Amino acid sequence: MSERTGIIKMKGNPLTLVGNEIKVGDIAPDFEVLDENLKPVKLSSFKGKTVVIVSVPSVDTPVCDLEARRFNKEAGKFGNDIVILTISMDLPFAQVRWCAGAGVENIKLLSDHRDASFGNAYGVLIKELRLLARTIFIVDQKGIVQYIQYVEETTEEPEYNKVLEAIKKVS
């Protein structure tokens, strides 16, 4: 596995990302994560849709909570051809509890805790913490990565307007 530093930080401290670096124009690698029922879900399950992949360290933190709620709100404005997956290392049980408490229904929360399949495939697994970096990937209906946003400071929110503009361009 490759390792990269200097891309993200936490409270100003540099972190190491493990896994393959993905670039715009690449074919989106498949991965397997778990849903709320511990059933495997693959990116390929959403073939033919525009997929927005939002990775966060943990929905049980204030910034991730805000981000997931914001994407849930935005997802309600999109049609059925766009799906937003929010992936973290949280256990599926914690994700279900969080969704119920937050009233989140428009995005799919998925867990990468078992194998770090997504984190490794997309190069967003934080070596020092075994959490996922705060990133966004937009994959078009043909399975091509069309947009990537790494949030440099993990304790900050993404640039939502840029993500929303990119979704409009891709869909």
Within region 21-51, can you find the residues that are surrounded by 13 or more Cβ atoms within 10 Å (Cβ to Cβ), of a type outside the set (K, R) and in a loop (DSSP other than H, G, I, E, B)? E21, I22, D26, A28, P29, D30, F31, D35, E36
Under the condition of being surrounded by fewer than 17 Cβ atoms within 10 Å (Cβ to Cβ) and in contact with a strand residue (DSSP E or B) (Cβ under 8 Å, 6 or more places away or on another chain), which residue from region 52-95 is nearest to K142 (Cα to Cα)? D81
Please find, among K73, K42, K47, the residue that is under 24 Å from V18 (Cα atoms) and of a type in the set (K, R). K42
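Could you tell me which of the residues I107, I144, I82, I87 is more than 24 Å from T5 (Cβ to Cβ), among the aliphatic types (A, V, I, L, M) and in contact with a Phe, Trp or Tyr (Cβ under 8 Å, 6 or more places away or on another chain)? Before you say what the answer is, go through the steps one by one.
Numbers: I144 fails: in contact with a Phe, Trp or Tyr (Cβ under 8 Å, 6 or more places away or on another chain); I82 fails: in contact with a Phe, Trp or Tyr (Cβ under 8 Å, 6 or more places away or on another chain); I87 fails: more than 24 Å from T5 (Cβ to Cβ).
On inspection, the qualifying residue turns out to be I107.
Would you tally the residues in region 97-112 being touching a strand residue (DSSP E or B) at 6+ places or on another chain (Cβ under 8 Å) and crowded, with 16+ Cβ neighbours inside 10 Å?
Quick first cut of region 97-112, residues touching a strand residue (DSSP E or B) at 6+ places or on another chain (Cβ under 8 Å) only: 98-99, 106-112.
When the remaining residues are screened for being crowded, with 16+ Cβ neighbours inside 10 Å, the result is 98-99, 107-112.
The qualifying residues number 8.
Restricting attention to region 1-20, report how many residues are among the small types (G, A, S) and either surrounded by 13 or more Cβ atoms within 10 Å (Cβ to Cβ) or not in a loop (DSSP other than H, G, I, E, B) (or both). Even if it seems obvious, please write down each step before you answer.
Taking region 1-20 and keeping what is among the small types (G, A, S), we get 2, 6, 12, 19.
Those left that are additionally either surrounded by 13 or more Cβ atoms within 10 Å (Cβ to Cβ) or not in a loop (DSSP other than H, G, I, E, B) (or both): 6, 19.
Of the residues in that region, 2 qualify.
Restricting attention to region 102-156, report how many residues are basic (K, R) and either under 11 Å from the mean Cα position of the chain (by Cα) or not in a loop (DSSP other than H, G, I, E, B) (or both).
At the first step, the residues of region 102-156 found to be basic (K, R) are 108, 114, 127, 130, 134, 142.
Restricting the remaining residues to those that are either under 11 Å from the mean Cα position of the chain (by Cα) or not in a loop (DSSP other than H, G, I, E, B) (or both) gives 108, 134.
Within region 102-156, residues that are basic (K, R) and either under 11 Å from the mean Cα position of the chain (by Cα) or not in a loop (DSSP other than H, G, I, E, B) (or both) number 2.
Coordinate-derived values only; no laboratory data. These numbers come from a predicted model, not from an experiment. Heads up, the Cβs are rebuilt from the backbone with ideal geometry, glycines too, and the neighbour counts pull from every protein chain shown.
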